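Asks: Got a structure for you, written out below as structure tokens; questions coming shortly.
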Amino acid sequence: MVRFDSFDADSDFKRTLAAVSPTAKVPVLVADHGLVIWDTLAIAETLAEQFPQHALWPRDADARARARSLCAEMHSGFQALRSHCGQNIEAALPEVGARVLAEQPGVRADLDRLIAMWSAALQASGGPFLFGDFSIADAYFAPVVGRLRTYALPVPAEIAAYGERVWAAPGVAAWVADALAERDFLPFEEPYRTQPG
């Protein structure tokens with residue numbers, strides 16, 4: 001584990017990661033033979049190629065193309081939601097969520113787009129996940145599900161149920177459990193509280 005201490009280029013975090021990745025950022029995957037892959041989409045594609053038996057992308061070509069489109073949109077978009085609703089699995093901040101929705105029209109627009117895209121995918125696939133079985137697309141949106149939970153952002157019942165299924169998926173549940181066990185409190189990242197809760 002590399003503890004995040006600062007965004008500064010000379011921080012321990014950045015120096016440690018710079019020895020592994022050209023971007024000095026996470027995520028990064030270092031293959032057994034030393035190949036470094038430092039982009040989430042590239043990591044996802046690499047893992048899907050290495051483990052085709054697991055159908056990390058949907059097997060149907062049209063569904064696979066739609067899943068890739070959703071991931072690409074997440075990869076490059078939703079900046080308002082990301083900026084105003086920072087990732088914090090452990091916190092419950094409904095009052096912050098209500099304020100952000102009232103004051104930040106970009107967050108409302110991002111939330112509306114998420115609801116529309118998830119609703120369309122769930123309707124087309126029949127669920128329980130975006131493309132039937134759990135896939136890279138669902139993993140890509142797990143951090144968003146976390147933000148919806150942390151900030152109590154309002155979504156229709158079927159979207160909330162989808163979020164609960166994502167949160168309970170084995171890989172996501174393990175990620176959440178590890179994050180909760182970490183108990184690392186950084187005051188500069190969490191100005192709304194003064195001590196771990």
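Asks: Considering (1) out of contact with any helix residue (DSSP H, G or I) (no Cβ under 9 Å at 6 or more places or on another chain); (2) assigned to a helix (DSSP H, G or I); (3) surrounded by fewer than 16 Cβ atoms within 10 Å (Cβ to Cβ), say which one S83 fails and leave the rest.
Replies: (1)
Asks: In segment 14-42, how many residues are touching a His at 6+ places or on another chain (Cβ under 9 Å) and either outside any loop (DSSP other than H, G, I, E, B) or polar (S, T, N, Q) (or both)?
Replies: Initial filter on segment 14-42 (touching a His at 6+ places or on another chain (Cβ under 9 Å)): 39-41.
Subsequent filtering for residues that are either outside any loop (DSSP other than H, G, I, E, B) or polar (S, T, N, Q) (or both) retains 40-41.
Residues in segment 14-42 being touching a His at 6+ places or on another chain (Cβ under 9 Å) and either outside any loop (DSSP other than H, G, I, E, B) or polar (S, T, N, Q) (or both): 2 in total.
Results for (1) among the aliphatic types (A, V, I, L, M); (2) more than 30 Å from F129 (Cβ to Cβ); (3) without any contact (Cβ under 8 Å) to a residue 12 or more places away in the chain; (4) surrounded by 15 or more Cβ atoms within 10 Å (Cβ to Cβ), shown as yes or no for each residue.
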site	(1), (2), (3), (4)
F7	no, yes, yes, no
R15	no, yes, yes, no
A42	yes, no, yes, no
Q50	no, no, yes, no
C71	no, no, no, yes
Q79	no, no, no, no
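Asks: Among the residues of segment 100-145, what is the count of those that are part of a helix (DSSP H, G or I) and of a type in the set (F, W, Y)?
Replies: Residues flagged as part of a helix (DSSP H, G or I) and of a type in the set (F, W, Y) within segment 100-145 amount to 3.
Here's the yes/no breakdown for (1) more than 30 Å from D184 (Cα to Cα); (2) touching an Asp or Glu at 6+ places or on another chain (Cβ under 6 Å):
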residue	(1), (2)
A48	yes, no
A67	yes, no
M74	no, no
F78	no, yes
N88	no, no
A116	yes, no
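Any read-out appearing in this document is the output of simple, stated calculations on the displayed coordinates, not a laboratory observation. Everything quoted here is computed from the prediction, not taken from an experiment. Here Cβ is always computed from backbone atoms with ideal geometry, including for glycine, and neighbour counts include all displayed protein chains.
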